[in-house]
1. Can you spot a residue in the stretch 227-235 that is in contact (Cβ under 8 Å) with a residue 60 or more places away in the chain, of a type in the set (S, T, Y) and under 30 Å from S25 (Cβ atoms)?
2. Any residue that is assigned to a helix (DSSP H, G or I), out of contact with any Gly (no Cβ under 8 Å at 6 or more places or on another chain) and among the β-branched types (V, I, T) - is there at least one of those in the stretch 20-36?
3. Anything in the stretch 210-226 that is in contact with a strand residue (DSSP E or B) (Cβ under 6 Å, 6 or more places away or on another chain) and either part of a helix (DSSP H, G or I) or among the basic types (K, R) (or both)? List them, or say none.
4. Could you give every pair whose Cβ atoms fall below 7 Å, whose first residue belongs to the stretch 181-200 and is free of Cβ contacts under 8 Å to residues at least 40 places away in the same chain, and whose second residue is of a type in the set (V, I, T), counting only separations of at least 6 or pairs across chains?
5. In the stretch 21-59, what residues are over 20 Å from the mean Cα position of the chain (by Cα) and free of Cβ contacts under 8 Å to residues at least 12 places away in the same chain?
6. Quick check on this structure: which one of A243, A260 is touching a helix residue (DSSP H, G or I) at 6+ places or on another chain (Cβ under 8 Å) and small (G, A, S)?
7. Can you find a residue that is surrounded by 15 or more Cβ atoms within 10 Å (Cβ to Cβ) and either on the phi > 0 side of the Ramachandran plot or among the basic types (K, R) (or both) anywhere in the stretch 224-247?
Amino acid sequence: MINVLLAIVFCVAIPVLVMASFVPSLERSAPRQDNYRGRPVFVGLGVVWFVWLISFWVGAHILAMLHITQPAWVTYLLPLFPLVAGTCVFGLVDDWLGSRETLGFGGHLRALAHGRITTGGLKFLGIGLLSVFTAVSLYYAGASTILHVVLVAAVLALSANLLNLFDLRPVRASKVYLLLLVVACVCIVVVGVVRLEVGDVAALVLAALGPVLAVWRFDAGERGMLGDVGANSMGVLIGYLFATALPFWGLVACVVILLALNLASERVSFTQVIENNKVLKAGDMLGRIKE
């Protein structure tokens, strides 16, 4: 029972209440960008992930202060703290200070190759290094584990970038996140690399849904955008679930798929693919709040 209660209070209720009060301030002061309809909306809904992270961390430490044993799902997610916190910072810098002149995975890499670091390039390097740090802290145990560490770091970094590619329409990135969350949790239950009881998995799902629920109506109603801070944070959480749930062969397959999708985005418009498929388009329109 404490599993679900902790998830509801600290990972759902607090982010929902904070964002309901904070969004009006963001609307007045946050930078604005034109969305796909040319409508100026503020960027920064993704700060909900920082709210979520702090609230989760406080909840975990309150349990420790009360000498209550932390649920397994809390212990499982705690190593995410530096990765999500850093991702939020780098994403916010890119959202609020970045230029739109250099775009795309390849564009930032080409700028780096020429000795010029864009805010997107800084984010790319920062999340990459944080992904390596997280992978090392979780799995490094000598030379024999280096390949495993590299694969885990690749899953984390590539997942962060992939979710960002879908933040081009209202709640699209959130829907991709929800789909991947279901797949990741199925992997946790079926593959069994991570040992979590059913109650812990249910609490984990609730906790992961918190930030999405907190900002869904603002994103769907085109009042604001998730921005890099939100999409990248969603991506690293999903990447963490896959990276820790999959066996070695699964990690290899995951890296291949993620790399292929990231590279394909340089040549293929995901939006165009969605628009040209009736089923995908219907799913893309689902949940949007029409004026």
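Values quoted throughout were computed directly from the atomic coordinates according to the rules given, and no laboratory measurement underlies them. Given the structure is predicted, the values throughout are model-derived calculations rather than measurements. Neighbour counts run over all protein chains shown; Cβ positions are idealised from the backbone, glycine included.
1. The answer is yes; a qualifying residue exists.
2. No: the stretch 20-36 contains no residue that is assigned to a helix (DSSP H, G or I), out of contact with any Gly (no Cβ under 8 Å at 6 or more places or on another chain) and among the β-branched types (V, I, T).
3. F218
4. Partner pairs satisfying both residue conditions: V189/V201.
5. If the condition is that a residue be over 20 Å from the mean Cα position of the chain (by Cα) and free of Cβ contacts under 8 Å to residues at least 12 places away in the same chain, then S21, P24, S25, R28, S29, R32, D34, G38, P40 are the ones that fit.
6. Residue meeting the stated conditions: A243.
7. yes
Listed here are the residues, each with its yes/no results for (1) of a type in the set (S, T, Y); (2) assigned to a loop (DSSP other than H, G, I, E, B); (3) surrounded by 24 or more Cβ atoms within 10 Å (Cβ to Cβ).
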residue	(1), (2), (3)
L156	no, no, yes
N164	no, no, yes
L168	no, yes, no
V176	no, no, no
L179	no, no, no
V183	no, no, no
C187	no, no, no
V190	no, no, no
